[in-house]
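The values are calculated or read from the model by the stated rules, or taken from the named source; none is laboratory data. All of these numbers come straight from a predicted model, not from anything done at the bench. As a convention, Cβ positions derive from the backbone with ideal geometry for all residues, glycine included, and neighbour counts pool all protein chains shown.
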Amino acid sequence: MTPAALARAVATAWRRLPTSAGRGGRPLAAAIAVLLVGVMALATSGRGHADDGANWVRIDSFQVNDTPVEQSTAYPVPYVSDCDGTDSPPRCGPPPAQWSIAKRPVQFCTFVQNRPGWLSDAQFRDSVRQAASTWNKVEAAIGVSYVGDCQGTRWERRNGVNEIAFDDERNVLTGATLGLTESSIAWAPPTNPTIRRIDEADIIIESSFANVPTCLTSTITHEMGHALGFGHSSNPADLMYASVDLSHPETCHLAPTDSEKERLQGLYGVDQLPTAELPPDFAVPVGFQVNLPVNATDPEGQQLTFVWEQLSGTSVEMNSFGALMSFQAPNLAGILQFRVTAFDPYLHSASATVSVTGYLSQGKLTYGEVPHEGGFALVIFGGGNSLDLVYASGCPPQSATFWTTDAVGRFVIYLPGTTVAVVNAAWDAKWGGEPIPAGTPILGRCR
Ligand SMILES: [Zn+2]
């Protein structure tokens, strides 16, 4: 950008409200409000030695806008540490500031004190959760972890905790400002930085925020964008555009644009979402032990963690061992629905759901019985599906084994307790998706 263009950008960067529309009785009709501003010229710098021995220069109250340097208005969205014409390197400029790998995903906690009266504690936390989830959908090697309420009673600068709070007696928000992010940024070496690091970011939200929930969530999401390393975009379609109109909630964007997602990838690198897949919906006789394996992968091969939830049906006790969840179907017929969500280390996620129908089995043996204490027996099955056979045998599904013969007389095995689909492939193929015919001879063993 040429100096002249830069000066123009700075001059038009702030769309402020008249002060009559400020704190307290802000009329919605006049409410074009600035999402983030740094009117306090509090930036102070100091030097110190970080753990890694590098000679770091640190700005303790790095305001993303206005004085001293950190406002940036350009398109595509600039990085928070880009120079904006009011200051010069090494305070600003390349390389862009980012969180160290050890501090990703960036962990935030909340203070519910001083929230606006129309907003409940739970609604506020939901807004923060939604904002974090929005950033975690971007396929960049960064994420946001919302950990619930903070310790203590108010946010503090430079305490090593990333806090989201409403403005308090310190009045850091003035005029029509809806939100502000204060970041602590350090660089090294002091004169020609090769690394620039975000050490802490605190987000402060207007305590008399108007009752426009979409715009509150938008503001929190926007501020998180600053916390992750963005300045302001000059494109009104961008989440990182500096202002919104509270009387037109459609100006309160809820997610970064493709251009902003690319910029985040430019800052941290690409990291793709994992995938998760559950078996197709299936049915089991009531009372059966069920193993539910999720087939999940991470494109980068990173370790995944899993959260299992029961969405509907008679509540069961879920025993989860990561990628495998097991439970005992209730003794009542009915439909149970489950969801699993796989998370990669940046909290990118993928979900899958499955319905499991518990039914009253009609399965019975018309000849013989399978000994429960061990050993084989030949029985004749009265017909039904494979699980009806298990039900009819009375054997524990986890340890039972059955055999039949294929067209050329070879044994085909059925292990109801296996979690490896291929084990029963020949058995399933033999029946071709149809019930096992009545009168089929089966060799069975309970354990
Ligand atoms: Zn902003």
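The set of residues in region 287-297 that are surrounded by fewer than 20 Cβ atoms within 10 Å (Cβ to Cβ) and either touching an Asp or Glu at 6+ places or on another chain (Cβ under 7 Å) or at pLDDT 95 or above (or both) comprises N295, T297. Being modelled with pLDDT of 95 or more and either surrounded by fewer than 22 Cβ atoms within 10 Å (Cβ to Cβ) or out of contact with any Pro (no Cβ under 9 Å at 6 or more places or on another chain) (or both) is a description that does not apply to R91. For region 107-123, the set of residues classified as surrounded by fewer than 23 Cβ atoms within 10 Å (Cβ to Cβ) and either modelled with pLDDT under 95 or not in a loop (DSSP other than H, G, I, E, B) (or both) consists of Q107, C109, D121, A122, Q123, listed by residue number. Only one of the listed residues (Q123, Q130, Q151, Q113) is touching a Phe, Trp or Tyr at 6+ places or on another chain (Cβ under 8 Å) and more than 15 Å from the ligand (Cβ to nearest atom). That residue is Q113. Here region 154-193 is the region considered, the condition is being within 16 Å of the ligand (Cβ to nearest atom) and charged (D, E, K, R), and the residue that is farthest from Y268 (Cα to Cα) is D167.
Scanning region 155-198 for residues that are among the acidic types (D, E) and modelled with pLDDT of 90 or more returns E156, E163, D167, D168, E169.
Within region 249-278, track down each residue that is part of a helix (DSSP H, G or I) and of a type outside the set (A, V, I, L, M, F, W, C). Residues satisfying the conditions are P249, E250, T251, D258, S259, E260, K261, E262, R263, Q265, G266, Y268. Only one entry of A74, A122, A97, A140 meets the criterion of being free of Cβ contacts under 8 Å to residues at least 60 places away in the same chain and more than 17 Å from I204 (Cβ to Cβ), and that entry is A122. Restricted to strands (runs of 3 or more DSSP E) entirely inside region 373-441, those with at least 2 residues that are aromatic (F, W, Y) and over 23 Å from L278 (Cα atoms) are 376-381, 401-405.
Here region 194-228 is the region considered, the condition is being more than 16 Å from the ligand (Cβ to nearest atom) and β-branched (V, I, T), and the residue that is nearest to W135 (Cα to Cα) is T214.
Among residues of region 209-220 that are more than 11 Å from F166 (Cβ to Cβ) and at pLDDT 95 or above, none has a Cβ under 7 angstrom from a residue that is among the charged types (D, E, K, R) and not in a loop (DSSP other than H, G, I, E, B) at a sequence gap of 6+ or on a separate chain.
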